[in-house]
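The values are calculated or read from the model by the stated rules, or taken from the named source; none is laboratory data. Treat the numbers as computed from the prediction; the structure is a model and nothing was measured. Methodologically, a virtual Cβ is constructed for each residue, glycine included, from the backbone with ideal geometry; neighbour enumeration extends over all protein chains shown. The area values use the complete protein model at the heavy-atom level, side chains included, leaving out ligands, DNA and RNA. Shrake-Rupley method; radii C 1.70, N 1.55, O 1.52, S 1.80 Å.
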Amino acid sequence: MILKIVKYPEPVLSQPGEPVTEFNAELRKLVADMFETTYASQGIGLAAPQVSVSKRLVTIDLSMGKNPEERLVLINPEIIWSEGRVYEDEGCLSFPEIREKVVRAAKVRVRAQDEHGKWFEMDGDDLMARCMQHEIDHVDGMLFIFRMSALKRDLALRKIRKMQRAGEW
Ligand SMILES: [Zn+2]
């Protein structure tokens, strides 16, 4: 089922998600729906708050559905190590048409649980590192516009207000 992706400034996007404690069929259905929603939107990652579920759950697939083995589910994720700094373009399904440069660590190590509650660690670099940081920010209630410079953030917010007025947001 394709879920509705909420846009900024929907309040759920700015709230830290609740930890996931039940690893049941309902959770696995939500995970499946989140992947389906991401593919339908041609995204590479999605966090549960973006579909109005205030939980610490992230789905990532850099292949955009082309390779099932690349599906990554991060539940209750935490960045436990990071290295380097990169400044590159980033977008967000909750901010359609906004793309801006954001500083991120170049490499990260994430600790998370899988759909069955099993803890694991995973390293990411390049696009994976960026996507992990962006999505884990979402479950903390942090949005990428607040990682932009003040100037770029003002420009983005102005563009959003303009689109809102035109009924395009
Ligand atoms: Zn996002």
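Of note:
- Rounded FRET efficiency, nearest 0.05, which uses the C-beta distance separating Lys162 from Arg111 and R0 of 41 Å: 0.50
- Stretchable slack from Met122 to Glu22, in nm (0.36 nm times residue separation minus alpha-carbon distance): 33.8 nm
- Span from the segment 93-135 Cα centroid across to the segment 1-49 one, whole angstrom: 15 Å
- Probe 1.4 Å, all protein chains present, accessible-area order of Ile2, Ile60, Ile79, largest first: Ile2, Ile79, Ile60
- Derived scalar couplings ³J(HN,Hα) [segment 88-103; Karplus, 6.51 cos²θ - 1.76 cosθ + 1.60; whole Hz; x for Gly, Pro]: 9, 4, 9, x, 8, 5, 8, 10, x, 6, 9, 9, 8, 7, 9, 7
- Candidate lysines - alpha carbon under 23 Å from Lys55, same-chain residues fewer than 8 apart omitted: Lys4, Lys7, Lys29, Lys118
- Here's the list of lysines a cross-link from Lys101 could span, going by alpha-carbon distance under 19 Å and ignoring same-chain residues fewer than 8 apart: Lys152, Lys159.
- Segment 157-165 - phi-based ³J(HN,Hα) in whole Hz, Karplus 6.51/-1.76/1.60, Gly and Pro as x: 5, 5, 4, 5, 4, 5, 5, 4, 4
- The equivalent ellipsoid of segment 1-118 has semi-axes of 21, 18, 15 Å, largest first, where each one is the square root of 5 times an eigenvalue of the Cα gyration tensor.
- Which of Val102, Leu127, Gly84, positive extreme of dipole for the chain (C-beta unit charges): Val102
- On Cα atoms only, tilt of 126-139 relative to the major axis of the chain in degrees: 90 degrees
- Largest to smallest accessible area among Ser41, Ser82 [probe 1.4 Å]: Ser82, Ser41
- Degrees separating the helix 25-40 axis from the principal Cα axis of the chain, which is the longest one: 40 degrees
- What the phi angles of segment 113-125 give under the Karplus curve with 6.51, -1.76 and 1.60, with θ = phi - 60°, is a coupling list of 9, 8, 4, 9, x, 7, 6, 8, 10, 8, 9, x, 9 Hz, glycine and proline written as x.
- Share of carbon and sulfur in the accessible heavy-atom surface of segment 60-169 [1.4 Å probe, %]: 47 percent
- Each Lys and Arg Cβ is given +1 and each Asp and Glu Cβ -1; about its Cα centre, the chain then shows a dipole of about 760 debye.
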